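Some notes on the structure that comes next.
The values are calculated or read from the model by the stated rules, or taken from the named source; none is laboratory data. Keep in mind that this is a model prediction, so the values were computed, not measured. Glycine also receives a Cβ, built like all others from the backbone with ideal geometry; neighbour counts cover every protein chain displayed. Side chains are part of the model used for accessible areas, which takes the heavy atoms of the whole protein and leaves out ligands, DNA and RNA. Shrake-Rupley method; radii C 1.70, N 1.55, O 1.52, S 1.80 Å.
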Amino acid sequence: MTLGIEAIIYFLILVDAIGANAMAWCCSKWFKKNYKGFWKHFPTTKGWAGLYLVLVLWLGCALNRLGVI
């Protein structure tokens, strides 16, 4: 099985979603303390990070059913 560009992009987005959830659930206090200016514009919230992960997993299921990944 060869990976196409769609699969590579999907796996990069999956890694980003997992990283966003790790930041929201485990490291939000550290992120807020060390990145004060960035935190005002891009807060890490558990709800949005969880929704992002669910949507990415749903996309993965759809790509799997199509036979892309």
Quiz item: Could we say that residue 63 is in contact with an Asp or Glu (Cβ under 8 Å, 6 or more places away or on another chain) and outside any loop (DSSP other than H, G, I, E, B) here?
Solution: yes
Practice problem: Exactly one condition in (1) in contact with an Asp or Glu (Cβ under 9 Å, 6 or more places away or on another chain); (2) without any contact (Cβ under 8 Å) to a residue 24 or more places away in the chain is not met by residue 68; state its number. | Solution: (2)
Practice problem: Pull up the stretch 16-55, narrow it to residues that are outside any helix (DSSP H, G or I) and open to solvent by 100 Å² or more (accessible area, probe 1.4 Å), then point me to the one that is modelled with the highest pLDDT. | Solution: 26
Exercise. Out of the residues in the stretch 1-15 that are over 14 Å from the mean Cα position of the chain (by Cα) and open to solvent by less than 90 Å² (accessible area, probe 1.4 Å), state the one that is modelled with the lowest pLDDT.
Key: 4
Quiz item: So residue 21 fits all but one of (1) on the phi > 0 side of the Ramachandran plot; (2) touching a residue at least 24 places away in the same chain (Cβ under 8 Å); what number is the exception?
Solution: (1)
Quiz item: Name the residues in the stretch 56-69 that are over 9 Å from the mean Cα position of the chain (by Cα) and open to solvent by less than 50 Å² (accessible area, probe 1.4 Å), would you?
Solution: 60, 62, 63, 68, 69
